[in-house]
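Colleague: Right, I'll just put the structure down here and ask away after.
Throughout, read-outs are computed from the coordinates displayed, never taken from laboratory work. Because the structure is a prediction, the values reported are computed rather than measured. Ideal geometry is used to build each Cβ from the backbone, glycine not excepted, and the neighbour counts take in all protein chains shown.
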Amino acid sequence: DHAGYDLKLIVMDYLGVNGFDIVDAGCKSSTSCDYPRFAHDVCELIMKGEAPLGILICGTGIGMSMSANRYKGIRAALCANEYHAKMSRAHNDANILCLGSRVIGSELALSIVAAWLNSNFEGDRHLRRVNLIDELS
Ligand code: RB5
C-alpha cells in the first residue's frame, strides 16, 4: 500500500537485478490507499497459479498478513528478521512474505527477502502440520 510504496520499489529493483520475473500488483504511488485490495490481488495471483510467491508491504505488515491469511491455501508470514524468513519457508511453506516498511529499514528488508527466497520447505512432519492448518480451519 502507500506506506510500502518506497520499499516496494527498492525490493523490486533488487529482485530485477537478481533475475526474478516480477508482477507488480501494488499501488502506483504513495497516495493513501487500502491494503486489503492489494492483498486480495496478490492472493488471487497465487491461488490461480499465476505466481508461486508474493511479497506484500504495508506500514507494519500486520494488515497485509491479516488480509492474506484469510485466503485458502495462502500462508503469509510477517517477518522482521532473517530467521523468521528462513523458518517461514522451511517449516511453514509460506507463500507470501509480509514486510512492515515502518518497522524495518530497507537494508534489513532486502536481507529478509534474500533469506526468504533462498530457503526451501523441508516437508515431512512440517507438511502434515501445514495441511492441518487448512483441515482444521
Ligand atoms: C497505513 O497507514 C497503515 O495502516 C498500513 O500501511 C498498515 O500498516 C496496516 O496494517
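Colleague: Kirkwood hydrodynamic radius (Cα pairs, Å) of the chain? Show your work: numbers first, answer last.
Modeller: Details: mean 1/r = 0.0672 Å⁻¹.
Evaluated over the chain, this radius sits at 14.9 Å.
Colleague: Another question, then. Helix 125-136 sits at what angle to the longest principal axis of the chain, using alpha carbons and giving 0 to 90 degrees rounded to 10?
Modeller: 80 degrees
Colleague: How far is it, in nm, from the label point at Phe121 to the one at Ala90 when both lie 7 Å from their Cα along the line to the Cβ?
Modeller: Roughly 1.7 nm, to one decimal.
Colleague: Quick one: if you stick a label point 7 Å off each Cα along the C-beta vector at Arg37 and Met66, how many nm between them?
Modeller: 1.9 nm
Colleague: What are the ³J(HN,Hα) values, in whole Hz, obtained from phi via the Karplus relation 6.51 cos²θ - 1.76 cosθ + 1.60 with θ = phi - 60°, for each residue of the range 48-60 in sequence order, with x given for Gly and Pro?
Modeller: Ordered by residue, 3J(HN,Hα) equals 7, x, 8, 8, x, 9, x, 10, 10, 10, 9, x, 9 Hz.
Colleague: Sort out for me the Cα centre separation of the range 72-137 from the range 1-71, rounded to whole Å.
Modeller: 15 Å
Colleague: For the pair Asn81/Leu108, report the inter-label distance in nm, with labels modelled 7 Å from Cα in the Cβ direction.
Modeller: Here the modelled spin labels are 0.9 nm apart.
Colleague: Give a residue-ordered list of calculated ³J(HN,Hα) values for the range 68-76 (Karplus: 6.51 cos²θ - 1.76 cosθ + 1.60, θ = phi - 60°; whole Hz; x for Gly, Pro).
Modeller: So the Karplus estimates, Gly and Pro as x, are 5, 6, 6, 8, 4, x, 8, 10, 9 Hz.
Colleague: Same structure again: Skipping prolines and chain starts, which residues have an amide H placed within reach, meaning under 5 Å, of the one on Ile55, given they are 5 or more residues away or on another chain?
Modeller: Long-range HN contacts for Ile55: Leu97.
Colleague: For Cα pairs less than 8 Å apart in space and 6+ apart in sequence, what is the mean separation divided by the residue count of the chain, i.e. the relative contact order in percent? Kindly include the intermediate steps, with their values, before the conclusion.
Modeller: Values: 217 pairs, mean separation 31.7, N = 137.
After rounding, I find 23 percent.
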